[in-house]
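> Before we start, here is the structure in question, set down as structure tokens.
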Amino acid sequence: MAAKTKTTKKSQSDAAAERYITTEELRRHNKASDLWISIQGKVYDVTAWAERHPGGALPLLSLGGQDVTDAFVAYHPPSAWALLDRLCVARLADYAVSDASRDYRRLVAEFARAGLFEKRGRGALLVLAAMLLMLAAAVYGVLASSSAIVHLLSAALMGALWMQSGFLGHDSGHYNVLPTPALNRLVQVVAGNCMAGISIEWWKQNHNAHHIACNSLDFDPDVQHMPLFAVSAKLFASLRSAFYGRTMRFDRAARLLVSYQHWTFYPVMCLARLNLFAQSLVLLLSPAKRVPHRAQELLGLLVFWTWFPLLLSFLPSWTERLAFVLVSFAATGVQHVQFCLNHFSSSVYVGPPRGNDWFEKQTAGTLDISCSPWMDWFHGGLQFQVEHHLFPRLPRCHLRRVAPLVQDLCKKHGLQYSSSSFWDANLRTLATLRAAALQARDLANPVPKNLVWEAVNTHG
């Protein structure tokens, strides 16, 4: 029976190798019920596999009916190639590779030969140790001191702890920060769910969609913040979010909020953690959503929602408890600002991502933050956003090293490579928000002509 099964699989593979289709025919297989993709000229039927895909079904649906070689190379280790043969159904008769893609794949291969994807350093262990020290210091400050100032400093330390948790969760979601997948998973749950109250599975689904469709207004959840923010007037068309499965309505309430978004940006970022808490719970408590390790995820959140309220209960008054929460949220709000700086002021587009311009879309939709090496801890690797989007499996300790190679490649192919200081990136983001805000006001009513209004908006 085993020999017969092996022979059957071989005959199916041989049949697939002899069948050729065109790119135009491939495009027709782009639905959940009929989903094909192409990788290096081979065509794969991933219809049944999509729901079991570790990165979620949405990345496959977003790129369905296309050549996805660059995205596959970016996200998957060599071991993943062996899993593809059983899904192969044909070959592309008109398969072609752009010069930019060819150079990009060559660079990925060079990094792999140099072992850069496997050399992780000791960064994760150092971050974990720092997080435990910050947690111990924050708890000690609350329990051992009666000073309100010490309590506020402890709250700020808690915010710094959550920032490092975010960086570590981000890294561990892209590659194994520790030697084994089991240890990597443990780090994710402890650092994310238990210590920060954020579901790592929610983050994976959100972040994978962001990477695949970087800065697509209707496919990338990281630029979908209606009704609070709109990074482009194209969102005023009430686009439908492919990630959330709902229309992002630009109604009267959204128009009002967007009209003042350059004023409300930083205050909202100070409370943005509330949204992460809510999104995590919505996903994990939704029976209609497929969530790997759901029970484990919920247990991790239960740990957080046990120890954090318990810690707050040791503060002497409700005033101090509220102040502790606000200060800790505001401190970690710096990280939420960082997430926005990398993309809000970059190029955006409408529609699904395209697999054959991977390199171009990733460089156009991202912004690096220039800083000295001694500030790398503050940015957690996110300052090399272009490099990270092109090589998401690359440990952050190598991003500074490969940045000049990416810059050379962009220059060779005439592609955009954007980099700004942290200060300038904030100014660019505010300018983007203000431009969209003024367009929203024009849609609502003519701008009132009075000196106070003009003064406010001149310096807004």
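The values are calculated or read from the model by the stated rules, or taken from the named source; none is laboratory data. Treat the numbers as computed from the prediction; the structure is a model and nothing was measured. Every residue, glycine as well, gets a Cβ built from its backbone with ideal geometry; the counts of neighbours run over all protein chains shown.
> Can you pull out the residues in the stretch 238-249 that are surrounded by fewer than 18 Cβ atoms within 10 Å (Cβ to Cβ) and either not assigned by TED's automatic domain parsing to the domain that holds SER216 or not small (Gly, Ala, Ser) (or both)?
Here is the first cut: in the stretch 238-249, the residues surrounded by fewer than 18 Cβ atoms within 10 Å (Cβ to Cβ) are 238, 240-241, 244-247, 249.
Answer for the stretch 238-249, where residues must be surrounded by fewer than 18 Cβ atoms within 10 Å (Cβ to Cβ) and either not assigned by TED's automatic domain parsing to the domain that holds SER216 or not small (Gly, Ala, Ser) (or both): ARG240, TYR244, ARG246, THR247, ARG249.
Quick grid of which residues meet (1) over 23 Å from the mean Cα position of the chain (by Cα); (2) hydroxyl-bearing (Ser, Thr, Tyr); (3) farther than 22 Å from PHE167 by Cα:
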position: GLY41; (1), (2), (3): yes, no, yes
position: GLY56; (1), (2), (3): no, no, no
position: THR69; (1), (2), (3): no, yes, yes
position: TYR75; (1), (2), (3): no, yes, no
position: ALA93; (1), (2), (3): yes, no, yes
position: GLU118; (1), (2), (3): no, no, no
position: LEU133; (1), (2), (3): yes, no, no
position: ALA137; (1), (2), (3): yes, no, no
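> Filter the stretch 194-214 down to residues that are under 11 Å from the mean Cα position of the chain (by Cα) and of a type in the set (D, E, K, R), then give me how many there are.
1
> Right, another one. What number of residues within the stretch 376-434 satisfy the criterion of being within 30 Å of LEU256 (Cβ to Cβ) and without any contact (Cβ under 8 Å) to a residue 24 or more places away in the chain? Full working, then the answer.
Looking only at the stretch 376-434, we keep the residues that are within 30 Å of LEU256 (Cβ to Cβ), and these are 423-434.
Retained after the next criterion (residues that are without any contact (Cβ under 8 Å) to a residue 24 or more places away in the chain): 423-424, 427.
Going through the stretch 376-434 one residue at a time, the tally reaches 3.
> What is the residue count in the stretch 279-336 for residues that are of a type in the set (Phe, Trp, Tyr) and more than 27 Å from THR264 (Cα to Cα)? So that I can check it myself, show each step before the final result.
Taking the stretch 279-336 first, the residues of a type in the set (Phe, Trp, Tyr) are 304-305, 307-308, 314, 318, 324, 329.
Pick out the ones that are also more than 27 Å from THR264 (Cα to Cα) and you get 304-305, 307-308, 314.
The number of residues fulfilling the criteria is 5.
> Also, I was wondering about something else. Being more than 19 Å from the chain's Cα centre (by Cα), assigned by TED's automatic domain parsing to the domain that holds SER328 and crowded, with 20+ Cβ neighbours inside 10 Å is true for just one of LEU235, LEU311. Which residue is that?
Working: LEU311 fails: crowded, with 20+ Cβ neighbours inside 10 Å.
Just a single option satisfies the conditions, and that option is LEU235.
> (1) surrounded by fewer than 20 Cβ atoms within 10 Å (Cβ to Cβ); (2) touching a residue at least 24 places away in the same chain (Cβ under 8 Å): which one isn't true of LEU367, the others all being true?
The number of the failed condition is (1).
> Would you be able to say whether some residue in the stretch 118-134 is at pLDDT below 95, closer than 30 Å to SER62 by Cα and not β-branched (Val, Ile, Thr)?
Looking for residues that are at pLDDT below 95, closer than 30 Å to SER62 by Cα and not β-branched (Val, Ile, Thr), one finds at least one in the stretch 118-134, hence yes.
Quick grid of which residues meet (1) crowded, with 20+ Cβ neighbours inside 10 Å; (2) more than 24 Å from VAL189 (Cα to Cα):
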| residue | (1), (2) |
| --- | --- |
| ASP251 | no, yes |
| PRO267 | no, yes |
| ARG294 | no, no |
| THR306 | no, no |
| THR319 | no, yes |
| LEU341 | yes, yes |
| SER347 | no, yes |
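> Identify, please: which residue in the stretch 32-45 is in a loop (DSSP other than H, G, I, E, B) and among the polar types (S, T, N, Q) and is, among those, surrounded by the fewest Cβ atoms within 10 Å (Cβ to Cβ)?
Of the stretch 32-45, the ones in a loop (DSSP other than H, G, I, E, B) are 32-33, 40-41.
Then drop every residue that is not among the polar types (S, T, N, Q), which leaves 33, 40.
Numbers: SER33: 6, GLN40: 16.
Checked the stretch 32-45; the qualifying residue surrounded by the fewest Cβ atoms within 10 Å (Cβ to Cβ) is SER33.
> Sticking with this structure for a sec: Which of the residues spanning the stretch 116-139 are over 19 Å from LEU186 (Cα atoms), in contact (Cβ under 8 Å) with a residue 12 or more places away in the chain and not basic (Lys, Arg)?
Result: LEU116, PHE117, MET134, ALA137, ALA138, VAL139.
> Moving to a separate point now. Going through ALA80, ALA48 one at a time, which residue ends up being out of contact with any helix residue (DSSP H, G or I) (no Cβ under 7 Å at 6 or more places or on another chain), assigned to a loop (DSSP other than H, G, I, E, B) and without any contact (Cβ under 8 Å) to a residue 12 or more places away in the chain?
ALA48
> In this structure, is PHE277 surrounded by fewer than 18 Cβ atoms within 10 Å (Cβ to Cβ), in the same structural domain as ALA136 (by TED's automatic domain parsing), in contact (Cβ under 8 Å) with a residue 40 or more places away in the chain and of a type in the set (Phe, Trp, Tyr)? I'd like the intermediate steps shown before the answer.
On the way: surrounded by fewer than 18 Cβ atoms within 10 Å (Cβ to Cβ): yes; in the same structural domain as ALA136 (by TED's automatic domain parsing): yes; in contact (Cβ under 8 Å) with a residue 40 or more places away in the chain: yes; of a type in the set (Phe, Trp, Tyr): yes.
Judged against the criteria, PHE277 is a match.
> Could you check, for the stretch 134-154, whether at least one of its residues is surrounded by fewer than 21 Cβ atoms within 10 Å (Cβ to Cβ), in contact with a Leu (Cβ under 9 Å, 6 or more places away or on another chain), closer than 23 Å to SER199 by Cβ and in the same structural domain as GLY197 (by TED's automatic domain parsing)?
Looking through the stretch 134-154, at least one residue is surrounded by fewer than 21 Cβ atoms within 10 Å (Cβ to Cβ), in contact with a Leu (Cβ under 9 Å, 6 or more places away or on another chain), closer than 23 Å to SER199 by Cβ and in the same structural domain as GLY197 (by TED's automatic domain parsing).
> A follow-up question, please. State yes or no: is ALA96 part of a helix (DSSP H, G or I) and free of Cβ contacts under 8 Å to residues at least 40 places away in the same chain? If you could, list the steps in order and put the result at the bottom.
Numbers: part of a helix (DSSP H, G or I): no; free of Cβ contacts under 8 Å to residues at least 40 places away in the same chain: yes.
No: the conditions fail for ALA96.
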